[in-house]
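Asker: Structure incoming, see below.
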Amino acid sequence: MDVADAELQFETWQLADLAGSRISVETAIQAGIYSESNQSNIQSILGWKTTPDFGTCTVFPYTCLDGSRNGYCVVKPRKPRTDRNGKLIKYESPAGLPPKAYFSPRFLEVLKGDIRSWIVITEGQKKILSADEAGFPGIGISGPWGWQKKRTEEQRKNNAPRELIEDLAGIDWHGRNVLLIFDADPRLNPSVNHGVAELARVLSERGAIVYIIELPTGPEDENGIPTKMGLDDFLVAYGPQALQDLIFDQTADPSYIEISEYRNQLVNARKESVGKRIVCLDRSPTGAGKSTADIPAMELA
């Protein structure tokens, strides 16, 4: 399907929705995204007994690591339903199936190429498609905990090891550079941070080199509170080069200094603290020279 034909099959709102995340029609074609308005077909895609009138839906097909379709699709309805709290449910997933990983179109090329290439992991299909188009292919998961197999109550009680879902477990992570880039949200959610940290730990145990990249929050709302910033939001606002710079800043090797200079800095910090009503926590490692640095400070005191 060429671009002109693809644009004809999508409705205006779908094209605007893709463009709003900096996803071109070309990338949508490569990802196999299509428009579906037949409610019976949508019901079949989701495996539901009945479905409300969703209107036209954008369908995101999922693939295996060899690039073939695996039959799993997520849909974004034109007329989404709401949950019991009145919140819109933007995406619908197949019923009764465990979550799967969404591989962006160019991710498979990365797996076959240079092992040092970055692999981005973020939440959702559109965010990773936006990153793919910007030159950062990778994997979209269904949420900060969407990477792990469901655990039984007994497994949770016994703190059983967390396991990657099959799609992710099938990847050789050894030596891979992985960037975990999740939403920046001013509303603190310990579960999100915990999920991302656990994913970093599990991938590291499999030999990956993992970095958690922190996005800035979005612009302030009418109440002066910063808004949420997702990966696609960042790319729309600042562009691919800004993401490249952000990644470089947060993954660059730290600068090193000689141990003698480090110990001189400790001495100066100790002496500068004399006479001040402050509490300091020194987390220098064993052998850094903390005790030795205390002597000139005590003499000064």
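The values are calculated or read from the model by the stated rules, or taken from the named source; none is laboratory data. Treat the numbers as computed from the prediction; the structure is a model and nothing was measured. In this analysis, Cβ positions are derived from the backbone assuming ideal geometry, glycine residues included, and neighbour counts consider all displayed protein chains. To get the accessible areas, we keep the full protein, side chains included, count just its heavy atoms, and leave off ligands, DNA and RNA. Shrake-Rupley method; radii C 1.70, N 1.55, O 1.52, S 1.80 Å.
Asker: Amide H to amide H, which residues 5 or more places from residue 148 or on other chains are under 5 Å from it, using H placed in the peptide plane?
Answerer: Amide H neighbours of residue 148: 165.
Asker: State whether the range 25-143 is rounded, prolate or oblate according to the following rule on the C-alpha gyration tensor (a ≥ b ≥ c being the square roots of its eigenvalues): a/c under 1.5 gives rounded; otherwise a/b larger than b/c gives prolate, and the remaining case gives oblate.
Answerer: Note, shape of the range 25-143 comes out prolate.
Asker: About the Cα centre, and with charges only on the beta carbon of Lys, Arg (+1) and Asp, Glu (-1), how big is the dipole of the chain? Nearest 20 debye, please.
Answerer: The calculated dipole for the chain is roughly 1160 debye.
Asker: Report, to the nearest whole %, how much of the accessible area of the range 167-301 belongs to carbon and sulfur atoms, 1.4 Å probe, protein only.
Answerer: Summing carbon and sulfur atoms, their accessible area is 52 percent of the total for the range 167-301.
Asker: Which of the chymotrypsin sites (Phe, Trp or Tyr not before Pro) across the range 185-268 are loop residues per DSSP, with 12 or fewer other Cβ within 10 Å?
Answerer: Loop-located and lightly packed - 256.
Asker: Could you tell me what percent of the accessible area of the range 17-91 is made up of carbon and sulfur, with a 1.4 Å probe and every protein chain present?
Answerer: Whole-percent figure for carbon plus sulfur exposure: 46.
Asker: On to the next question. Provide the packing ranking of 195-203, 93-101, i.e. peptides ordered by the mean count of other C-beta atoms within 10 Å per residue, highest first.
Answerer: 195-203, 93-101
Asker: Taking amide H positions as placed 1.01 Å from N in the peptide plane, with prolines and chain starts having none, which residues 5 or more places from residue 210, or on another chain, fall under 5 Å of its amide H?
Answerer: 178
Asker: Pick out, from 143, 60, 129, the residue whose Cα sits farthest towards the positive end of the charge dipole of the chain, with +1 on the Cβ of Lys and Arg and -1 on the Cβ of Asp and Glu.
Answerer: 143
Asker: At residue 53 and residue 250, where each label point lies 7 Å from the Cα along Cα→Cβ, what is the point-to-point distance in nanometres?
Answerer: 4.4
Asker: For residue 268 and residue 209, what does the FRET efficiency come to when R0 = 35 Å and r is the distance between their Cβ atoms, rounded to the nearest 0.05?
Answerer: My answer for the efficiency is 0.50.
Asker: Using all C-alpha to C-alpha distances in the chain, build P(r) with 10 Å bins and read off the rounded percent in each one.
Answerer: 5, 22, 28, 22, 11, 7, 4, 1, 0
Asker: Reachable lysines from residue 112, Cα under 28 Å, same-chain residues fewer than 8 places away excluded?
Answerer: 100, 126, 127, 149
Asker: How much accessible area per residue does the chain have, counting only protein heavy atoms and a probe of 1.4 Å, in square angstrom?
Answerer: Each residue of the chain exposes 58 Å² on average to a 1.4 Å probe.
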